[in-house]
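I'd like to ask you about the structure that follows.
The values are calculated or read from the model by the stated rules, or taken from the named source; none is laboratory data. Here the structure is a predicted model, which is why all the values come from computation and not from measurement. Don't worry about glycine lacking a Cβ; one is built from the backbone with ideal geometry, like all the others, and counts go over all protein chains shown. Only protein heavy atoms, including side chains, enter the accessible area calculation; ligands, DNA and RNA are left aside. Shrake-Rupley method; radii C 1.70, N 1.55, O 1.52, S 1.80 Å.
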Amino acid sequence: GQLPPWLQGILLRNGPGMHTIGDTKYNHCFDGLALLHSFTFKNGEVYYRSKYLRSDTFNSNVEANRIVVSEFGTMAYPDPCRNIFAKAFSYLSHAIPEFTDNCLINIMKTGDDFYATSETNFIRKINPQTLETLEKVDYSKYVAVNMATSHPHYDSDGNTLNIGTSIADKGKTKYVLFKIPPSVPEKEKKNSCFKHLEVLCSIPSRSLLHPSYYHSFGITENYVVFIEQPLKLDLIKMATAYIRGVNWASCLVYHKEDKTWFHFVDRKTKKEVSTKFYTDAMVLFHHVNAYEEDGHIIFDIIAYTDNSLYDTFYLKNLSKDSEESSKLTSMPTCKRFVVPLQYDKDAEVGSNLVTLPSTATAVKEKDGSLYCQPEILCEGMEQPRINYDYNGKKYKYIFATEAQWTPVPTKIVKFNIQTKEMLYWGEDHCWPSEPIFVPSPDAREEDDGIVLTCVVMSDAKGAPFLLVLDAKTFKELGRATVDVDMHLDLHGMFIPEKDLKTETE
């Protein structure tokens, strides 16, 4: 096929690549050592390259020829030959775990720099052109967090916004919203963006020892949307996991009898909206988008009724012949919540305060809190992406992978929120990854551009390829086949040529 001549830049992807080291194997798909790969578009041609992230974790494991650094789903134990004092000491040091820097989930941009990220306090700077691993940055040196999301947001001034959890700091566990500026005075270079990091707001956790797990958040023009869900980390269990010989993932507990709380932080005043908003128990990983309309915040998320998604990715479940073990027990559902921020404070108890045309409701309770129920937009999609120029604004299209009752996607989909129309791309034996939208330079409409996805084959005979679709019609423009083993990756980004520093810089 043909690539549009304006497509110049790098598609950078990240995900787990190596699951076996020596005689040891990781338990979970999302524990594997990070493998970066890239497709560089230059004058109608595509170049592929891949490289393992040379994290401290990678180096320690490879040097020992076994897994010596714990991941979320795999607890590692030090050398069994060490003496009893060393053993006792390592038990104690694992009480507050020293997390891994195996940054395998996403790519983040800060100023002119790019980082591989996961959900711990470590990120690794990388060179997007050579995929070389550069310095390690520890968030906790700049802000009191023990973990942070791998899905930050970017505002119109180029700031990076993110949220992290601060565990039992000064007797309080809280969620910390922070902002990293894009640039700093010339005199200060190396990592100095982080030295100028600013805490925007802290939200106290509803429980000191059971903070909520979260994977992403939302932003609108004036607010940050944070969801405190009843999928929680049990900190006592985490602190004793090493001694008990279990992994940290087993300390993640879903409390289906609890509520899910919505927090809205005003980006100007840096204060949380005081009204309490909640809905029923649910599990979510990905926010799609959020925006404001007529005194309401509207936000779209992909939600589940349980935590089966994480469990299906245990390698023992994925490798079984029986399809049952890798079946989800809850279908991913795209839900739209409509939350009124401005409403009549004297409204009757039991009245629905949503005044926009939607089946979503927000009902006033006796105590003044609002109980929210969503509008269901559609079912069966995950890894949602949008045209990021519409992030925080009213929008129309979601690009996503199709995920019905199995965790591995077989199609990608374009969903029109207004008409509910769906366009699909899929072929036999093809497993596509998260679709990335790239706008065309003279875009007039939200879907003017292309969609990029990496496709691996479930059939051993087929070669993997990069697929380029016209975002409007979802028709194939071209594909670039790669004669190597490619892995199912997680997330990534397209970096336009203008955002890449030249090698000399």
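Expressed in nm to one decimal, what extension gain is obtained for the pair V273 and K316 from 0.36 nm per residue of sequence separation less their Cα-Cα distance? Don't skip to the end; give the middle numbers.
Working: separation 43, 0.36 × 43 = 15.48 nm, distance 4.44 nm.
Computed gain between V273 and K316 is 11.0 nm.
By average Cβ neighbour count within 10 Å, what is the ranking of 278-286, 479-487 from highest down? Please list the in-between numbers first.
Details: 278-286: 19.7, 479-487: 15.2.
The packing order, highest mean first, is 278-286, 479-487.
Using modelled backbone amide H atoms (1.01 Å from N, in-plane), which distant-in-sequence or interchain residues come within less than 5 Å of H255's amide H?
The answer is L231, K232.
Follow-up. What does the C-alpha gyration tensor say about the overall shape of segment 415-496? Classify as rounded when a/c is under 1.5, otherwise prolate if a/b is larger than b/c, or oblate. Display every interim value, and only then the final one.
Numbers: a/c = 2.21, a/b = 1.63, b/c = 1.35.
Taking the square roots of the gyration eigenvalues as a ≥ b ≥ c, segment 415-496 is prolate.
A further question on this structure: Taking the Cβ-Cβ separation of S369 and N59 as r and a Förster radius of 51 Å, what is the calculated FRET efficiency to the nearest 0.05?
0.50
What order do you get for 332-339, 466-473, 264-271, 453-460 when each peptide is scored by the mean count of other beta carbon atoms within 10 Å, highest first?
Working: 332-339: 23.2, 466-473: 20.5, 264-271: 15.2, 453-460: 17.2.
Result, highest mean first: 332-339, 466-473, 453-460, 264-271.
Right, something else. Summing -39500 (n - 2.57) over the DSSP H runs of n ≥ 4 in the chain and dividing by its residue number, what mean residue ellipticity at 222 nm do you reach, to the nearest 500 deg cm²/dmol? List each step's numbers first, then the result.
On the way: 6 runs with 43 residues, N = 505.
Helix-only estimate at 222 nm: -2000 deg cm²/dmol.
Any idea what the relative contact order of the chain is, in percent, if you count C-alpha pairs under 8 Å spaced at least 6 apart? The partial results should precede the final answer.
Details: 1232 pairs, mean separation 59.0, N = 505.
Once divided by the residue count of the chain, the mean separation gives 12 percent.
Could you give the nm distance between label points at D344 and V253, where each point is 7 Å from its Cα heading toward the beta carbon?
4.4
Using +1 at the C-beta of Lys and Arg and -1 at the C-beta of Asp and Glu, which of C454, T305, A249 has the Cα lying farthest in the positive direction of the dipole of segment 9-499?
A249
Also: Which of the lysines could a cross-linker bridge to K420, judged by Cα under 24 Å and excluding same-chain residues fewer than eight apart?
K335, K393, K394, K396, K411, K472, K475
Next up: For the chain, which whole-number percentage of the solvent-accessible area (1.4 Å probe, protein heavy atoms only) is attributable to carbon and sulfur atoms? Walk me through the numbers on the way to the answer.
Numbers: 11560 of 22470 Å².
On the chain, the fraction of accessible area on carbon and sulfur atoms equals 51 percent.
Taking every alpha carbon pair in segment 9-499, what does the distance histogram look like in 10 angstrom bins from 0, in percent?
Taking every Cα pair in segment 9-499, the percentages come to 4, 19, 30, 29, 14, 4, 0, 0.
Something else: Taking the Cβ of S358 as the center, what net charge do the other residues with Cβ under 15 Å away carry, scoring Lys and Arg +1 and Asp and Glu -1?
Working: positive: K335, R336, K394, K420; negative: E292, E293, D294, D300, E375.
Once positives and negatives cancel, what remains is -1.
Return one whole number: the accessible area per residue of segment 9-499 in Å², for a 1.4 Å probe. It would help to have the intermediate numbers written out before the result.
On the way: 21360 Å² over 491 residues.
With the other protein chains kept in place, segment 9-499 gives 44 Å² per residue.
Along the charge dipole of the chain, which of M147, L467, Q229 sits closest to the positive end, that is, farthest toward it, with unit charges on the beta carbon of Lys, Arg, Asp and Glu (+1, +1, -1, -1)?
M147
What are the trypsin sites (Lys or Arg not before Pro) within segment 413-467 that DSSP puts in a loop, where the Cβ has at most 12 other Cβ atoms within 10 Å? Before the final figure, lay out the partial values.
Details: sites: K414, K420, R444, K461; in loops: K420, R444, K461.
Sparse-neighbourhood loop trypsin sites (Lys or Arg not before Pro): K420, R444, K461.
If I stretch the segment between D428 and T406 completely, what's the gain in nm (0.36 nm per residue apart, minus their alpha carbon distance), one decimal?
On the way: separation 22, 0.36 × 22 = 7.92 nm, distance 1.57 nm.
Stretched out fully, the D428 to T406 stretch lengthens by 6.3 nm.
On to the next question. Determine the dipole magnitude for segment 9-499: charges of +1 sit on the beta-carbon of Lys and Arg, -1 on that of Asp and Glu, nothing else is charged, the reference point is the Cα centre, and the result goes in debye to the nearest 20. Intermediate results must be reported in sequence, preceding the final value.
Numbers: 54 positive and 65 negative charges, 257 e Å.
About 1240 debye.
Could you order the peptides 390-400, 201-211, 110-120 from most to least packed, using the average number of other C-beta atoms within 10 Å per residue? Intermediate values should be presented prior to the final figure.
Details: 390-400: 19.7, 201-211: 17.6, 110-120: 22.2.
Ranked by mean Cβ neighbours within 10 Å, highest first: 110-120, 390-400, 201-211.
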